[in-house]
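What follows is a set of notes on a single structure, which appears directly below.
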Amino acid sequence: QDPRLRTPPHSPAASAARAPTPPLSPRSLGRGGPNQDVEHGRYAQVGRRDDQEPLLPPDPPPRRYRPWHMLFLKHHSEEFGDRAEFVTRCAILTLTMAVPCIMPPGSFPTVDSLRERGYFSEKAVLMFLIIVEPTLGHTFANSTGALLGTALSLLSDGLIHLLCAGGVTEDTSLIPLALVWIYSALFLWVVMWVNVGVITRIFCLMSYSQKFMLFLNPKEHTPGSFSALDHVQVEFIQTSVAIGLAVINNVLPFPYLALNKARQDVRDLNTAVGHAWIHFGMHFGGAPEGEYKPERLIAHLTKARAVVHSLDVHIANAWYEFSWLPRIRSIRNSVDRLRRGLQEGSDRLFCIWNACNQSTFSEVHDTIMPKLWPHVEQVLADGVTLMDQVTDVACKGAVSDGDEQALRGGVRNVRSSIVALTSRFREIKHAVMPGIVEDLLDEQSFLANVCAYGRMAADLADDFLANKQGQRPLAAAAYPAPMFDTSVLAEIQHLNFALRGFVAMAVAFLFGVWGYSKTLHKYDAETAVFVALMLRKSITATGVLNSQRLRGVAVGSIVGQVTYAVVGFCNFWGYLASSTAIVLWVAVCFYQHHDSTRVGAGMNINHMSGGATAGLLSAYLGAIGMIETCAPEVYTVSDVLGKSYYSVINAMLAVCICTVVDMFADGDNACQLASRVCVYGMSTLRAAVEDVMNPSVKELTLQSKRTAKTLRLADGLGKQAQREPRHWRSPWRGMLFRDSVQSCFRLRMSYCGLEGCALEGGRYGTAKVEGVKQLTKLRSFGVLAKIVMENLEHVENLLKESFANETGDGMQVYALPQLKRNFIAEYMQAMRAFIHEANQLPEMQHLDQSAGVKTLESDMCAQASMLLSCLACVIGEAHSLQTLVLQRAL
């Protein structure tokens with residue numbers, strides 16, 4: 001065990017620099033207000049021994065990077081370095097595919113032969129850009145979807161040839177032709193409706209649209225034309241080439257595995273959560289000045305929030321990295337179990353941080369915390385040490401004999417520390433005042449959550465030990481849903497996506513078959529190919545996304561053709577300039593495509609659910625414009641643009657088709673969509689809080705993860721709404737929306753605390769705690785719950801009306817009588833009535849003398865304190881949000 005975490009106890013002292021706090025809660029207003037002098041604390045200063053080491057371990061030494069990684073500035077920013085290295089490797093491989101096309105015919109005879117037979121073309125570049133992802137697991141996932149989509153397309157192509165052998169000719173009768181169209185429509189709907197990945201749909205529809213146009217074109221069915229078997233070979237060879245290059249991109253010069261990324265993320269998450277618990281324990285419990293660093297606490301909390309999302313993505317993608325191997329499967333299941341434990345620890349930490357930072361230090365706090373700090377310090381030290389051991393075991397995927405002894409010893413240490421803290425607190429509190437004490441609500445909530453952190457570490461260790469002995473296997477990590485998952489197929493959002501895609505592809509097929517004058521060729525599949533590329537399933541602002549796609553098409557086409565006209569000569573300097581331009585253009589555009597922080601990128605990191613972005617379209621069209629056989633003569637720009645005229649027209653038409661279909665099928669603009677998602681997140685939180693307070697609800701439907709996902713989506717949509725033109729509408733209240741989303745995130749923190757308090761043993765999937773059920777049945781708690789729900793409902797209506805008003809007219813909601821209610825005063829009165837009634841319960845009268853309570857999580861007073869502390873934060877945040885709306889909505 002690290003000796004730095006087994007230090008002799010010291011007396012706490014209030015820190016001079018406290019972390020930034022949210023608005024004050026009713027608790028602080030009810031105990032003397034925010035002007036109470038707590039900046040310098042009122043702890044009795046106890047000197048430290050010279051040989052006493054700090055509780056906090058030193059910051060880990062900086063990571064050592066290879067020269068290759070330092071070339072991409074990874075030593076300055078690891079996230080930027082990873083993405084820059086990835087897009088550079090992609091650009092280099094794109095250049096590898098482009099070189100045989102740039103050089104004069106005969107420079108690469110083998111490649112020329114493959115191009116003549118159709119086995120290699122510029123289409124492989126597009127396939128490569130769609131398939132390649134930063135990790136091997138995600139690339140394998142896309143590769144699987146690409147192969148499945150290609151196979152479905154070729155199977156369907158064979159079926160229409162059975163309906164009409166040899167394809168459509170001038171002598172084909174109407175009945176076979178009608179059967180082919182009916183079958184194609186059914187096939188298109190099934191592909192859009194079944195639960196497959198977007199990559200599968202893209203490859204399937206891209207391939208089938210080309211085969212369908214060839215099938216309908218009578219000029220293609222001549223002696224010597226490609227047979228069906230030739231088409232099968234061409235499609236699979238081109239797809240295999242793109243997959244092979246994408247895999248090479250992930251394994252050279254170093255392999256980039258999703259499983260390794262998941263293990264690194266879970267280590268970072270464990271370090272961030274553990275250090276944040278220690279920092280906050282020193283902050284609230286007290287620490288000598290100079291030892292507690294508030295900026296480090298904020299940094300660790302920010303790191304924990306960021307890592308949780310990327311960790312989910314890497315664990316999901318690791319399923320494709322040989323997960324059928326027992327060792328790989330064991331590591332993935334272990335990391336997923338650890339992630340759930342760390343997620344709970346992170347949620348509890350955010351909750352207690354939000355609650356305790358709003359409180360003022362009372363005299364009772366100054367009396368008991370110095371006496372309890374040694375025990376708090378011991379629980380945190382033992383918990384962090386055990387969590388480090390569990391993390392090492394989870395990353396290995398197996399528990400060795402040495403690990404088993406260490407884990408059992410760690411579990412004993414943690415549980416004994418929790419018992420000691422619980423006994424000492426109950427002893428001290430009984431001497432001060434039995435029952436629920438208003439001035440100790442935050443303190444009891446803090447101590448109960450400290451016990452919960454230690455308990456979570458012990459539960460994780462117990463699960464790994466039970467798994468080794470075969471008594472209780474670890475739950476399997478999530479895996480891809482089946483194609484015909486009824487829970488997905490019946491969703492309104494999924495049906496809307498299927499309908500939008502079906503209509504857009506059908507319109508593109510009609511344009512391709514009929515053509516238009518000399519602007520659009522007949523039997524041209526390129527418009528349908530671009531529409532398939534732009535299929536999106538994620539919730540996003542269609543107007544902003546499609547306008548960016550339009551710019552991406554225009555800019556990519558112009559840059560590609562102009563660059564070729566300027567440097568596309570058959571000499572050394574022309575080859576060098578063309579190669580440099582391809583690498584730089586693909587790298588820059590692909591960086592934008594994979595940058596989730598920019599408006600227009602995918603809603604999720606490394607995810608194609610949003611369809612082709614402006615970055616992907618610019619990279620592909622620009623590269624295609626540059627990948628032309630060099631010429632000895634000088635071209636003008638108009639000459640070169642004439643070659644790509646039809647490609648530009650088809651891409652523009654595809655964007656227009658998607659825009660029109662989205663307008664009718666998904667008519668909300670960016671602002672309406674953002675406000676709707678934000679209000680939905682708020683209503684979900686309100687319903688979840690109501691379930692906790694409702695005594696008739698026996699089991700909770702956990703909403704913490706769902707609301708976090710919803711609020712992240714609302715934040716991204718708000719950034720898109722900021723870029724949307726308003727025209728006749730009033731200006732978008734961007735600052736109000738951003739602050740409202742952050743306020744909802746803080747409300748979610750409080751809800752996470754309510755979840756942990758109400759669940760039996762803090763374990764997800766269990767029933768409500770008996771103590772919580774008994775407390776919520778009290779009449780006074782019903783009054784308190786009614787005040788909380790009315791306040792949340794009022795704020796939700798206020799947000800809905802504020803964001804829905806786009807004309808600047810007066811809003812009736814501002815005349816509601818609820819604006820004149822003092823919810824804080826009502827809550828304080830109801831809370832004190834509840835404390836008085838709860839303290840009269842027989843269980844509460846003898847609770848402090850009862851034996852057998854081994855953790856404060858099972859203490860009825862602590863459970864009541866956590867309830868009241870979290871609800872006080874809810875009321876305080878709702879009041880702050882109401883004030884914010886009234887100030888900024890005008």
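The values are calculated or read from the model by the stated rules, or taken from the named source; none is laboratory data. Everything numeric here is computed off the predicted structure, so don't read it as measured data. Cβ sites come from the backbone with ideal geometry, for glycine too, and all protein chains shown count toward neighbours. When the accessible area is computed, the model is the full protein with side chains, heavy atoms only, and any ligands, DNA or RNA have been set aside. Shrake-Rupley method; radii C 1.70, N 1.55, O 1.52, S 1.80 Å.
So the values come out like this:
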| read-out | value |
| --- | --- |
| Amide H contacts under 5 Å for Leu759, placed H, 5+ residues apart | Val769 |
| Sequence-distant residues sharing a close amide H with Ala631 (under 5 Å, placed H) | Phe569, Cys570 |
| Alpha carbon centroid spacing (whole Å) that separates the stretch 671-750 from the stretch 552-591 | 43 Å |
| Local electrostatic count, Gly718, Cβ distance below 12 Å [Lys/Arg +1, Asp/Glu -1] | +3 |
| Mean accessible surface per residue for the stretch 112-156, computed with a 1.4 Å probe while every protein chain stays in place, in Å² | 29 Å² |
| Electrostatic dipole magnitude of the stretch 341-433 [Cβ: Lys, Arg +1; Asp, Glu -1; Cα centre; debye, to 20] | 340 debye |
| ³J(HN,Hα) computed for each position of the stretch 144-161 - Karplus, 6.51 cos²θ - 1.76 cosθ + 1.60, integer Hz, glycine/proline x | 4, x, 5, 5, 5, x, 5, 5, 5, 5, 5, 5, 5, 4, x, 5, 6, 6 |
| Under-5 Å amide H pairs with Gln703, H placed in peptide plane, nonlocal only | none |
| Debye intensity ratio in log₁₀ form over the Cα atoms of the stretch 403-448, taken at each q of 0.24, 0.33 Å⁻¹ | -0.84, -1.15 |
| Distance from the stretch 509-527 to the stretch 83-125 (C-alpha centre basis), Å | 28 Å |
| Accessible-area ranking of Lys371, Lys768, Lys522, largest first, probe 1.4 Å | Lys522, Lys371, Lys768 |
| Lysines whose Cα lies under 16 Å from that of Lys786, excluding same-chain neighbours fewer than 8 positions away | Lys777 |
| Relative packing of peptides 339-351, 129-141, 498-510, 160-172 - highest average C-beta neighbours within 10 Å first | 129-141, 339-351, 498-510, 160-172 |
| Calculated over the stretch 680-755: convex hull of Cα atoms, volume per residue (Å³) | 85 Å³ |
| Loop-located trypsin sites (Lys or Arg not before Pro) in the stretch 57-157 whose Cβ has at most 13 other Cβ within 10 Å (DSSP) | Arg63, Arg64, Arg117 |
| Surface per residue (accessible, 1.4 Å probe) for the stretch 413-477, Å² | 32 Å² |
| Subset of Lys261/Lys396; Lys773/Lys800; Lys705/Lys768; Lys396/Lys468; Lys123/Lys211 violating a 23 Å alpha-carbon distance limit | Lys773/Lys800 |
| Highest average packing first - 648-660, 176-188, Cβ atoms within 10 Å | 648-660, 176-188 |
| Compactness index (Cα Rg / 2.2 N^0.38 Å), the stretch 62-208 | 1.47 |
| Backbone HN-Hα couplings from phi across the stretch 451-458 [Karplus 6.51/-1.76/1.60, Hz, Gly and Pro as x] | 4, 5, 5, x, 5, 5, 5, 5 |
| Table column - 3J(HN,Hα) (Hz), the stretch 514-528, Karplus curve with 6.51, -1.76, 1.60, x for Gly and Pro | 7, x, 7, 6, 9, 7, 10, 5, 6, 6, 9, 8, 5, 4, 5 |
| Using alpha carbons only: equivalent-ellipsoid semi-axes of the stretch 404-550, gyration tensor based, whole Å | 63, 23, 13 |
| Formal net charge of residues neighbouring Val697 (Cβ-Cβ distance under 13 Å; K, R +1; D, E -1) | 0 |
| Debye intensity ratio I(q)/I(0), log10, the stretch 342-453, q values 0.14, 0.15, 0.22 Å⁻¹ (C-alpha model) | -0.65, -0.72, -1.23 |
| Alpha carbon convex hull of the stretch 252-374, volume per residue in cubic angstrom | 131 Å³ |
